[in-house]
Amino acid sequence: MATQFQNRLVGTLILVSLGVIFLPDVFDGEKAHYEESYQAIPLREEVDESVLAEPVQAPEEVESFMPPESPVMVTIDEPETSTASVEATEPKDGYVDSAWVIRLGTFRNIDNAKNLVSTLRSKGYPAQLMPRDIQEGELARVEVGPDISKEKLESMTADLESLTGLKGQLLRFNPLNP
């Protein structure tokens, strides 16, 4: 025989399961049905047949030329006619790695970076803010240079550290990826 506790437990489970099944439908309210409005795409467009009957014109032939691979010749029309030739020269070896910069730091606060650059410029250092077009929320790098002489920049690091309190990092200058 079932005890009174078992009867109450079964009754409670039945009431809870009925509540879980039917109460969401009761509280859901009136359902809105949406109908999509659309237009049918025509199967075939009406085409003017007279346009298709016109003959196609042949392409025009244009004479073109390629510039010579020899040195450039420049002629200047003045009272005296002179010709100048410009010869292509190979770049010097190591020209990419010839410049150096001192990176003093990277700042989140743009105002602090701008104040540091103006202080350094007032003391005669060639300081700059990288990247030049800084937007809100970007990081700003303060750099001194570029200079060809690595020794000159190495001697500046001690002066910059005493002036700003920042220990600079000597890096190669890459003009293509500032």
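The values are calculated or read from the model by the stated rules, or taken from the named source; none is laboratory data. Here the structure is a predicted model, which is why all the values come from computation and not from measurement. A quick note on method: Cβ atoms are made from the backbone with ideal geometry, for glycine too, and the neighbour counts reach across all protein chains shown. Quick note on the areas: whole protein, heavy atoms, side chains included, nothing else; ligands and nucleic acids left out. Shrake-Rupley method; radii C 1.70, N 1.55, O 1.52, S 1.80 Å.
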Worksheet item: Which peptide among 5-17, 51-63, 102-114 comes first, and what is the full order, when sorted by highest mean count of other Cβ atoms within 10 Å?
Response: 102-114, 5-17, 51-63
Worksheet item: Using a 1.4 Å probe on the protein chains only, how many percent of the accessible area of the range 99-164 belongs to carbon and sulfur?
Response: 45 percent
Worksheet item: So how far apart, in nm, are the two label points at Val20 and Asn112 if each is 7 Å from Cα heading toward Cβ?
Response: 5.6 nm
Worksheet item: Computed FRET efficiency, Cβ-Cβ of Ala2 and Tyr34, R0 35 Å: what is it to the nearest 0.05?
Response: 0.10
Discussion item. Just to make sure I understand: if all protein chains stay in place, what is the order of Phe27, Phe173 by accessible area at 1.4 Å, largest first?
Written reply: Phe27, Phe173
Worksheet, complete the sentence: Burial-style ranking of 36-45, 159-168, average other-beta-carbon count within 10 Å with highest first, yields 159-168, 36-45
